[in-house]
Ligand SMILES: [Zn+2]
């Protein structure tokens with residue numbers, strides 16, 4: 001495993017508290033307003049809005065036009081090509097790593113659905129208390145180029161593939177980008193490390 005810091009950027013304690021509470025509200029399938037986050041964290045609405053602006057500029061939260069949180073730490077209410085039913089709540093994630101790492105870190109029952117960028121086949125992973133079961137051979141791609149916005153720059157490239165052969169073909173056809181090949185159990189471990197603080 002290489003540079004995992006790509007998923008974990010430096011944040012202040014206020015940003016961390018705001019991000020964590022927003023993530024918890026989103027897990028229920030609800031939009032997180034500044035007022036709800038302020039109430040839950042003890043910060044003022046102004047302080048929460050400042051923290052949200054800073055997090056949004058790094059792609060760590062996703063805001064709607066009213067400034068409410070619709071995505072945080074990879075989990076989103078807005079449809080993407082990665083679906084995640086988490087503890088019975090229908091949600092989406094920013095990338096395939098999120099769809100696998102989040103249920104692993106939360107020890108939850110879940111169903112993640114994504115597709116192989118090379119052949120378009122739909123790939124399913126079922127989780128029982130955070131333990132993934134799927135067809136053998138699935139591999140994930142984690143870009144390692146430095147980026148300033150996780151959601152916009154890293155997430156579109158972080159995908160799951162049928163097998164190493166399809167990942168190799170995709171890399172060859174995509175200008176041989178820099179990154180790491182991860183097995184499902186490595187993504188699971190990465191998830192526990194990256195989202196452990198959001199439990
Ligand atoms: Zn494929």
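The values are calculated or read from the model by the stated rules, or taken from the named source; none is laboratory data. Because the structure is predicted, anything quoted here is derived from the model rather than measured. No Cβ is skipped: glycine too gets one built from the backbone with ideal geometry, and neighbour counts run over all protein chains shown.
Annotation: of all residues in segment 80-124 being in a loop (DSSP other than H, G, I, E, B) and away from the ligand (no atom under 16 Å from the Cβ), the one that is surrounded by the most Cβ atoms within 10 Å (Cβ to Cβ) is 95. Can you give me the number of residues within segment 126-145 that are within 13 Å of residue 188 (Cβ to Cβ) and either at pLDDT below 90 or part of a helix (DSSP H, G or I) (or both)? Adding up the residues that qualify gives 2. All conditions but one from (1) within 14 Å of the chain's Cα centre (by Cα); (2) in contact (Cβ under 8 Å) with a residue 24 or more places away in the chain apply to residue 54; the one that does not is (1).
Test residue 174 against the stated conditions and say whether it is without any contact (Cβ under 8 Å) to a residue 12 or more places away in the chain, under 23 Å from residue 59 (Cβ atoms) and over 14 Å from the mean Cα position of the chain (by Cα).
yes
The residue list 185, 148 contains one member that is touching a strand residue (DSSP E or B) at 6+ places or on another chain (Cβ under 9 Å) and either at pLDDT below 95 or assigned to a loop (DSSP other than H, G, I, E, B) (or both), which is 185.
The criterion of being modelled with pLDDT under 95 and under 24 Å from residue 190 (Cα atoms) does not hold for residue 89. Would you mind stating whether residue 191 is surrounded by 14 or more Cβ atoms within 10 Å (Cβ to Cβ) and in contact (Cβ under 8 Å) with a residue 60 or more places away in the chain? Here the answer is yes, as residue 191 does meet what is asked. Looking only at residues that are in contact with a helix residue (DSSP H, G or I) (Cβ under 7 Å, 6 or more places away or on another chain) and either within 16 Å of the ligand (Cβ to nearest atom) or assigned to a loop (DSSP other than H, G, I, E, B) (or both) in segment 153-168, which one is farthest from residue 187 (Cα to Cα)? Across segment 153-168, the extreme among qualifying residues is 161.
Based on this model, can you work out whether residue 71 counts as outside any helix (DSSP H, G or I) and in contact with a strand residue (DSSP E or B) (Cβ under 6 Å, 6 or more places away or on another chain)? Against the criterion (outside any helix (DSSP H, G or I) and in contact with a strand residue (DSSP E or B) (Cβ under 6 Å, 6 or more places away or on another chain)), residue 71 qualifies.
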